[in-house]
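Undergrad: Here it is, the structure in full.
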Amino acid sequence: MDAIQHGWFSEIQNELWPGQSFSLKVKTVLHKEKSKFQDILIIDTETYGRCLILDGIIQCTTRDEFSYQEMISFIPLCSHPNPEKVLIVGGGDGGVAREVAKHPKVKEIHQVEIDDRVVDLSKKFLPEMARGFDSPKLKLVIGDGFKYMKDHKDEFDVIITDSSDPIGPAESLFKESYYGLMKTALRVGGIVCSQGGSFWLDPSHVKEVMTGCRVHFPNVSYAVTSIPSYPCGHIGFVVGCLDQKLNLNTPKQLFSSKEIDEMDLKYYSSSIHTASFNLPRWVHKYFYES
Ligand code: SAM
């Protein structure tokens, strides 16, 4: 079925969100192609700005992307006392690189993205996100994040997995074995943070990912951010660290309001960091007590 009908784009029906589908009114189709890995569609919408869609699923819109990019980056970076060397897996739109590059303690950013077409098209159509690729701190490699991880040991302070959903090329990035590989790629005291799905959509999937993370990390938590263009209006992050005693919900790096403004952070603050780990009672019970 054509994803755009009567001027509306609707996300594909799939097993990730049975019986529901988010739609956006389309102004213009900017680009459409099939890359080696996925269908890529970029549209301009009436109320959410420009939107990147991979395999029929919304990846980001220019209206609300900052809430995801800031939180997936600053939660692990500020939980770590000295995040000098960071790895980003996925993140082909450049938004996470843009945010990570803002952190004053980050010296080196390595990024591995499987699809160079997402990078090139983001540079062309989503320049506000893709400016992350201009950072002098960044080294971009085109390749599979799962395979890349196998070749890197004791290297990174923080690993951020900004992947698409667990169908298609990103499937391996949600597996327990991926958490095992990330553990060996981390330095002592390292932290991982991955796109972790929504507890409204499928709490059992989130719990499965957290359980996979717990096999390798003694300290695992789940934080959420609010973002209207993702299914159910929010998305979570699975955060794991090697230090059992570290309180992930308490930032080690505190920024003043002036510093937050200078970094142009619109969503992240130290208080949002802590609040994002506070879950509704039923979710807390399901993730941590059952
Ligand atoms: N924020 C978005 C979300 O949560 O839906 C994800 C954005 S980003 C565009 C996702 C990127 O992950 C895509 O560019 C995709 O090509 C990349 N990706 C998927 N599987 C990958 C893999 N195995 N290794 C590296 N990158 C991968």
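The values are calculated or read from the model by the stated rules, or taken from the named source; none is laboratory data. Predicted model only: the values in this text are computed from it and were never measured. We place every Cβ from the backbone using ideal geometry, glycine too, and count neighbours over all the protein chains shown.
Undergrad: From Arg131, Arg117, grab the single residue that is near the ligand (Cβ under 9 Å from one of its atoms), surrounded by fewer than 20 Cβ atoms within 10 Å (Cβ to Cβ) and closer than 29 Å to Ile43 by Cβ.
TA: Numbers: Arg131 fails: near the ligand (Cβ under 9 Å from one of its atoms).
So the residue among Arg131, Arg117 that is near the ligand (Cβ under 9 Å from one of its atoms), surrounded by fewer than 20 Cβ atoms within 10 Å (Cβ to Cβ) and closer than 29 Å to Ile43 by Cβ is Arg117.
Undergrad: Cβ-Cβ below 7 Å, separation at least six or inter-chain, first residue in the stretch 94-119 and within 13 Å of Gly132 (Cβ to Cβ), second within 8 Å of the ligand (Cβ to nearest atom) and among the aromatic types (Phe, Trp, Tyr): which pairs?
TA: From the stretch 94-119, no pairs qualify.
Undergrad: Go through the stretch 2-33 and count every residue that is under 13 Å from Leu201 (Cα atoms) and either assigned to a strand (DSSP E or B) or in the same structural domain as Asp202 (by the TED database) (or both).
TA: 0
Undergrad: Report whether or not Asp151 is over 24 Å from Leu265 (Cα atoms), touching a strand residue (DSSP E or B) at 6+ places or on another chain (Cβ under 6 Å) and assigned by the TED database to the domain that holds Asn249. Write out each step before concluding.
TA: Values: over 24 Å from Leu265 (Cα atoms): yes; touching a strand residue (DSSP E or B) at 6+ places or on another chain (Cβ under 6 Å): no; assigned by the TED database to the domain that holds Asn249: yes.
No: the conditions fail for Asp151.
Undergrad: Is it fair to say Leu279 is touching a residue at least 12 places away in the same chain (Cβ under 8 Å), surrounded by fewer than 18 Cβ atoms within 10 Å (Cβ to Cβ) and of a type in the set (A, V, I, L, M)?
TA: no
Undergrad: Name the single residue, out of those in the stretch 137-168 being small (Gly, Ala, Ser) and modelled with pLDDT of 95 or more, that is farthest from the ligand (Cβ to nearest atom).
TA: Step one: of the stretch 137-168, the residues small (Gly, Ala, Ser) are 143, 145, 163-164, 168.
Among the residues that remain, those that are also modelled with pLDDT of 95 or more are: 143, 145.
Values: Gly143: 7, Gly145: 3 Å.
So, considering only residues that are small (Gly, Ala, Ser) and modelled with pLDDT of 95 or more, the one farthest from the ligand (Cβ to nearest atom) is Gly143.
Undergrad: What pairs come up if the first residue lies in the stretch 159-183 and is under 12 Å from Val238 (Cα atoms), the second is assigned to a helix (DSSP H, G or I) and away from the ligand (no atom under 12 Å from the Cβ), and their beta carbons are under 6 Å apart, counting only those six or more places apart or on different chains?
TA: Taking only residues 6 or more apart or on different chains, the pairs are Ile159/Met182; Phe174/Val209; Tyr179/Gly212; Tyr179/Cys213; Tyr179/His216.
Undergrad: How many residues does the stretch 170-200 contain that are assigned to a loop (DSSP other than H, G, I, E, B) and either at pLDDT 95 or above or out of contact with any His (no Cβ under 7 Å at 6 or more places or on another chain) (or both)? Outline the logic, then answer.
TA: Within the stretch 170-200, the first condition is being assigned to a loop (DSSP other than H, G, I, E, B), and the residues that meet it are 170, 175, 196-200.
Adding the requirement that they be either at pLDDT 95 or above or out of contact with any His (no Cβ under 7 Å at 6 or more places or on another chain) (or both) leaves 170, 175, 196, 199-200.
Of the residues in the stretch 170-200, 5 are assigned to a loop (DSSP other than H, G, I, E, B) and either at pLDDT 95 or above or out of contact with any His (no Cβ under 7 Å at 6 or more places or on another chain) (or both).
Undergrad: On to the next question. Restricted to the stretch 5-54, and to residues that are of a type in the set (Val, Ile, Thr) and surrounded by 16 or more Cβ atoms within 10 Å (Cβ to Cβ), which residue is nearest to Lys123 (Cα to Cα)? Even if it seems obvious, please write down each step before you answer.
TA: Restricting attention to the stretch 5-54, the residues satisfying the condition of being of a type in the set (Val, Ile, Thr) are 12, 26, 28-29, 40, 42-43, 45, 47, 53.
From what's left, surrounded by 16 or more Cβ atoms within 10 Å (Cβ to Cβ): 26, 40, 42-43, 45, 53.
On the way: Val26: 21, Ile40: 14, Ile42: 12, Ile43: 15, Thr45: 18, Ile53: 15 Å.
Only one residue fits best here, namely Ile42.
Undergrad: When only residues in the stretch 233-248 that are over 15 Å from the mean Cα position of the chain (by Cα) and touching a residue at least 40 places away in the same chain (Cβ under 8 Å) count, which is nearest to Cys193 (Cα to Cα)?
TA: Cys241
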